[in-house]
Every structure is written in C-alpha cells, then in structure tokens.
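Every number here is computed from the coordinates shown, using simple stated rules; none is lab data. Remember, predicted model here, so these are calculated numbers, not experimental data. Every residue, glycine among them, receives a Cβ derived from its backbone with ideal geometry; neighbour counts consider all protein chains shown.
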C-alpha cells in the first residue's frame, strides 16, 4: 500500500527511536491528542520501545469517549419514537444510562450502522414515511461530511432527515487540559487528521500562551516516532513552537472548502464533554437557518439529562492525569465487554486500548 | 410443473406445506439436482453403513448478501461444514441439507443456490443424503438460511486435539487472511465501497487429507478461522493450553486489496472471517515440509508459518509488529466495530 508501507518501515522507525534515545536527557510528558494516535501507538507496540524518560499521555481525542451520556440517551429516545437512527459503528456499543444503541436495536429499534452521513440522506429518501436521524458525532474531522449531509437534504427537499449533533473541537479541549491545576503535559502531538481540515494556525496562540510545543502528527508508526522525536527535540532545546510532521497531508491553511461547508451549517457553541464537563466554545451546533434539521428540536429530546457512573474516572483519564490501569475498576468491573465508561468502549479509547493491546501496562 | 415455469415463480408458504407444492419443489429441484440412491428412496432419513471412527459437525449459514463475489450461501454451506469435518482430521463423505426459506425468494435464486450446492458437494466428494425445506412468512427470515451437517471417516493417521499442542509447535496458515469477511463487508448495503475482493470460500478436505497422509500425528491441531478470524482461533489455543502464542505481523499473508479495505473501513484483518483457510499447529520438525506441501496446491499457494507456541505460561497471543513492537491480540467481544476516524 503506497503511502502506508513507507511509514511502517522497521529500519527508519528504529533510526528515529535511536535519535529520541540520544536526544532525551530528562523526563517529559507528551500528550497525543487524538484517539487514532493512541490506537497507533499501542497497536504497533511503540510505547514499550520508547525510552523510559518519554512518557506518553493519552488525550481526549476519542469522539466516542467524549460524547456525553445524555446524547446516547437522546439517540435511544429517538429509537423508541420509531425513528431510524443512523450511526458510525463505534458509537453503537457505548452504554447509555440504561442500555446501548445495539441493545435497543435487539429490542426492536431501527439502527443502521453507516460509514457516511450521505448514506443516511439516501435512506431518508427511500423511506419518505419514516423519520431518519444521523447521530453526528465527532471532531472537526467528521464535521464537513455531517454538514454536507444537511446541505444535501436541504437542496433535495428531504424533510424527514435531521441530525443529532455532538460535535466537539480539539483546540478548546487542549486549552482546558492546560488550564487544569493538575496538568503535567510538556508537549502535544497535534491531531493530524483534524489539522488536515482546520490547518495549523489555531495552535499558534496556544503555543505562545502556554509556552508548549505542538507537533502536528500523523498516525503511522513512523509518523508517531518522528512526531515524538520532534517534540522531544523542541523540549530539550527549550523551544515551544508549532511544527508540522504530517506535511504530506496537512497544509497550514487546512482544507478551505471543508471549512466553508462547516461554517455554512454549524456555529461554535459551548459543549459538554463526557468526563470533563462543559468547555466554553468547544463544539458546534446547527445554525438557526438549519434548525429544522436539528433532531433535538424536532423530536423534543433536548431536555434529557443523565448522570455518569459514579466510579468511572474518565475525566482524569481523558485529561491525562491518571493512566487507565490506575483506576480501581480497570479490568475488574470495567472491561470492553462490560464498560462502565466510554474510554473502555471504542478501540481508540485509552482504557480499551490498554486493555486490548498493551502487554506491559 | 416444468422447471421453466418454476423458475419464473417465487417461493411461497405452499412450498413448505408438505403438500403437492412441496412435492413438486422436491421432485423438480432437489431430487433432480442431487439424484443419488440415498435421496431417491424419498424417505425422511438415510441409512448409512460406516465401519470406522466418524466425525460429525453441524453449522447454520445466514450470510447477507446471499450472493457475493466468489461464492453464494449455498457453496458456503457446503464448504463450511466440509471444512469443519476435515478439521477433525476426517474425510467428509455425507451431508444433510436443510433450508429455511423466507416466502418471496425467487425460485430462480433458490435453484441457483441448490445447483451451487450440488457443484460444491461434487468438488468436495460428499453426497447430500437427507434434507428438509421449510418456508416462513415474509419478514420472519432473511431470504434463506441453510443448515448442513457433515459426516466423515476419521483419517487412520489423524490424532488432532487441543491437548496435543506442545511448546515449540509452529503455527501455519494455509493462505492469505480476511478474504471472505472483507468480500462480504465491501458488498453490504450502505458501504458504497467497490473492490474486487473475492471470498476465499472453498473446500479444504483434500488439502487436509494430503497433510495427514504425509505427516499423520505430527499435525497436532487443525482449525478453520471462520467467524472471529485468525485471532479467535489463536486466543482459544492460548487460553486452552495456557501457553503464550507468538505471531509475527511481517509473516502474516494478506492481499494488498484486503489490507487496503481493512485500512479504509477501520477493521483489523486478524478478526475478519475466512471460509477457505485453515490454521495447522504442527511439530516444529515438519514446519518447512508442511509449507512446501501446502504450496503445491492452488489453495495453499501462499501458506506460511506465522508464529509458534512459546514456553511462557500465560493465556495470551502476542503479535510482534512490523516495527518490532509487541501487542496483545485479544479475543473479539461482539462484532468488530468500524472506527469513526
């Protein structure tokens, strides 16, 4: 596979690991922001290959993990109302307060697992007598396609389609992590996929304000070790700037067309993050012009509120304050087959990644 | 009723009533296609004479879509059960065949499936000796479900069981992994994903017979990694023997297209189903000979040793990644869920 195999090369990866080893002189905590990066680090066994002084902290960038419990309960309420609920695959096993979407399906709910929200618009057109809702979860990465589905539905006069929005943004979350009194992060690996859409300029201010290096990094083993090397080099040299390891994909200005689609449909608003709480200006809601595509308003499920499982420490995990195995429920009451909280559900979630893949942690 | 008239019709509840319509369907489609002395008695069961240790295996097939690149549900129903009997170290000979058909299935599709079953049975050297056809109301099934039970004579040199797996044993796969599951995934509704990935559905009984003829008791365990994929079989071995199993990513055969589809859909090929693949756990002495023998056959052309059973007492499967890291391959919990990003 071109553009993949090159980034899984044993020799080049080893070379970067050696350079990290040679460069590092003191302990550093580096947070990889995106769940895809956590997955890549653990799936390829990279963490165990790093020098002890380089400690990777797994960030909040798993969309499944940070989607608030009440959003799942809202999706469940829609299923109970007979709505066809369409979702990305990894949302369906996340437990709501009583059950998961998958369990609701087994009880007779109509759930469709899709790879693209445009497919949901097609389902709506094919089922004019049914209501169809797409569970629009994710970061800046999934926002363009979700926004596009709304534009398509509007253009084609599809009135039985709407979206349940749970969109969150990466930079405000990084800001919230840095503002936490227990924060011990020395550098970030920025999420390469998010920057492919949004560009890198958003991080300039954050870097200056907090004097912290941000290295926009990809997902393949070589990307990750190179990104870590760049972060360690900055830290050791006492520098703090935005660097782009993932330049084969990420342009400074991002994807302008995608950004236009997003801003046409969505506007920035305060958002709840599972385990973290409300972060100001940290997500998207539908603009007033598109209110009739807002499933919360259309079906009156906006008021559903739910409490988290008391013993889940997802917040501390997502902020990097605690490691998954430091949770007293980890691997005991909380396992991927019976998750108490979201980080144990998605393979990108820090807890599930530790449970499934990691040998020594 | 002539077959051409049948072909234009659809299956309805009458075809499962036990009355004249059932009789016509059986006479025109089933008995005509399979035409053997066991079925021709038109009895409820078959009488067999077997003077040997026998292996029996049963399986139900509910795949959606029922026609896919490389095979259809009918062939799958033969291969799946034939292979399960072969994995016991036996030579499959007889097959039972039971259909649950949802009313509304086109007769044309039903006949296509029955003919595929006949061809697959011929290729596998098995005879369909008894069967059943039920029809359920629309919405109570999903086009067609098939159950088959296979019977075979155990190979005189075979001694296959989990307790024969020993420290140092080599793990050999007969070909590239994840073909079937990805062929199905890429053809499911809603994915809008075009590829030329073809299911690997095939019978493995002759390949297994060659192995047992050649190496007998030195073949310790045989498994076909269908649902749950290669990881399912290996984690079971690690758990049942309490020995750590080590595999090497660089050695695992994987077709480019399948690897690419897995990347795009966010799936791990180790967890994806196979239908024409087996894993042999063999004495380390014969590793190379087994690989050489398998590669002589078209079905084993890409056979490879992918790892070994280690001496470490631990019920885990450890994968050595391409870049030299290690990770645990854990058992699959439910269906594999594609990731969001």
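Helix B:73-87 and the longest principal axis of the Cα set of chain B meet at an angle near 50°. Between residue A:256 and residue B:54, the modelled labels are 7.5 nm apart [label points 7 Å from Cα along Cα→Cβ].
If you run the Gaussian network model on chain B, springs between alpha carbon atoms under 10 Å, then out of B:105, B:277, B:212 the most flexible one is B:105.
Of B:27, B:200, B:298, the residue with the greatest mean-square motion in the GNM of chain B, using alpha carbon springs below 10 Å, is B:298. Extension gain, residue B:256 to residue B:134: 0.36 nm times the residue separation minus the Cα-Cα distance gives 39.8 nm. Inter-chain Cβ neighbour count for B:314-325, averaged per residue, equals 6 (cutoff 10 Å, partner chain atoms only).
Considering helices alone, the calculated mean residue ellipticity of chain A at 222 nm is -11000 deg cm²/dmol, with DSSP H runs of length four and up weighted by -39500 (n - 2.57) and normalised per residue. Helix B:229-241 axis versus longest C-alpha principal axis of chain B: approximately 60°, rounded to the nearest ten. Restricting to DSSP H runs of at least four residues, report the calculated mean residue ellipticity at 222 nm for chain B, -39500 (n - 2.57) per run over all residues, nearest 500 deg cm²/dmol. About -8500 deg cm²/dmol. Centre-to-centre, using Cα atoms only, region A:277-299 and region B:194-225 are separated by 54 Å.
Peptide A:85-95 shows a mean partner chain C-beta count of 3 within 10 Å per residue C-beta. Scaled against the 2.2 N^0.38 Å expected of a compact globular protein of N residues, the Cα radius of gyration of region B:162-329 reads 1.02. Based on Cα contacts under 8 Å between residues 6+ apart, region B:162-329 shows a relative contact order of 42 percent.
Remark on region A:314-357: ratio of C-alpha radius of gyration to 2.2 N^0.38 Å is 0.96.
When chain A is modelled as a GNM with alpha-carbon springs shorter than 10 Å, which of A:99, A:209, A:53 fluctuates the most? Per the Cα network of chain A with a 10 Å cutoff, A:209 tops the list. Remark: the Cα gyration tensor places the protein assembly as shown in the oblate category, a/c being 1.5 or greater and a/b not exceeding b/c.
Note on residue A:52 and residue B:123: with the Förster distance fixed at 45 Å, the Cβ-Cβ geometry gives a FRET efficiency of about 0.20. Distance between the C-alpha centres of region B:140-167 and region B:68-90: 10 Å, rounded to the whole angstrom.
Note on B:256-267: average number of Cβ atoms from other chains within 10 Å of each residue's Cβ is 2.
Quick one: angle between helix A:69-80 and the longest Cα principal axis of chain A, in degrees between 0 and 90, rounded to 10, please. Helix A:69-80 sits at roughly 30 degrees to that axis.
Shape verdict for chain A, please, from the Cα gyration tensor: rounded (a/c under 1.5), prolate (a/b greater than b/c) or oblate. Prolate, since a/c reaches 1.5 and a/b exceeds b/c. Diagonalising the gyration tensor over the Cα atoms of region B:89-143 and scaling each eigenvalue by 5 before taking the square root yields semi-axes of 26, 13, 8 Å, largest first. Calculated on the alpha-carbon coordinates, the convex hull of chain B measures out at 142 cubic angstrom per residue.
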